[in-house]
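Reading through the structure tokens given below for one structure.
A short reminder: the numbers here are calculations on the coordinates, not readings from a lab. Computed from a predicted model, the values in this text were never measured in an experiment. In this analysis, Cβ positions are derived from the backbone assuming ideal geometry, glycine residues included, and neighbour counts consider all displayed protein chains.
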Amino acid sequence: MTDNVALIEFKQGVRMLRDSHPQNALEHFRKAVDLEQHNPYYISFAGVSLARAERKWEPALKLCELALSMKRNEAQLYLNLAEVYTSAGRREEALITLDRALASLGPQARIQQARLKLGRRRSPALPFLDRQNFLNRYLGVLRHRILSWTHSSQSPLLHSS
């Protein structure tokens, strides 16, 4: 009985999320999780709606990571985690998540599409070191800031006579 109610709440939450009502969706996902606490889909979508509705990145990430740890062979859970990382401004972690999904699950059209949407990663600043090395991470952030600064300062000059 509670399985049916939880599923109904989940479906309503998905509908609300799809219709751009994340706060309403969050209420339905929370009810579904309360009724079925070990369902990774309910937990993951609660994380996505929490991120969209309240911009509470860390709790949302924890929910999505918990769901993924419960069921590692489901593409949607990787996509949800990547979405929350992207929403939180953590593009690099989103890319790592999608790469991990491709490595674990093999070629999956939805994951490949999300990966392409995020764009291509720049090569590491120091290619002889691992991408996650603190020097590469620091230099990558610095490179990003410099490139952002140069792009914003390249506005056309106004000439006055």
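Against the longest alpha carbon principal axis of the chain, how many degrees, from 0 to 90 and to the nearest 10, is the axis of helix 57-70 turned?
Long axis of 57-70 versus the principal axis of the chain: about 60 degrees.
Using the basic label-point model (7 angstrom from Cα toward the beta carbon), what is the Gln37 to Val141 distance in nanometres?
Calculated label separation equals 3.7 nm.
Give the shape of segment 1-71 as rounded, prolate or oblate, defined through the alpha-carbon gyration tensor: a ≥ b ≥ c are the square roots of its eigenvalues, a/c under 1.5 means rounded, and otherwise the shape is prolate if a/b is larger than b/c and oblate if not.
oblate
Could you work out [θ]222 nm for the chain from helices alone, using -39500 (n - 2.57) per DSSP H run of at least four and dividing by all its residues? Round to the nearest 500 deg cm²/dmol.
Result for the chain: -23500 deg cm²/dmol, rounded to the nearest 500.
Using packing as a proxy for protection, rank 37-47, 85-95 so that the peptide with the highest average count of other Cβ atoms within 10 Å comes first.
Top to bottom by mean Cβ count within 10 Å: 37-47, 85-95.
Could the peptides 20-26, 97-103 be put in order, highest first, of the mean number of other beta-carbon atoms found within 10 Å of their residues?
Packing order, densest peptide first, comes out as 97-103, 20-26.
Which residues in segment 29-52 have a backbone N closer than 18 Å to a point placed 7 Å from the Cα of Asp3 along the Cα-to-Cβ line?
32-43, by backbone N distance to the label point.
Rounded to the nearest Å, what's the spacing between the alpha carbon centres of segment 85-156 and segment 17-84? Just the number, please.
With segment 85-156 and segment 17-84 each reduced to a Cα centre, they are spaced 23 Å.
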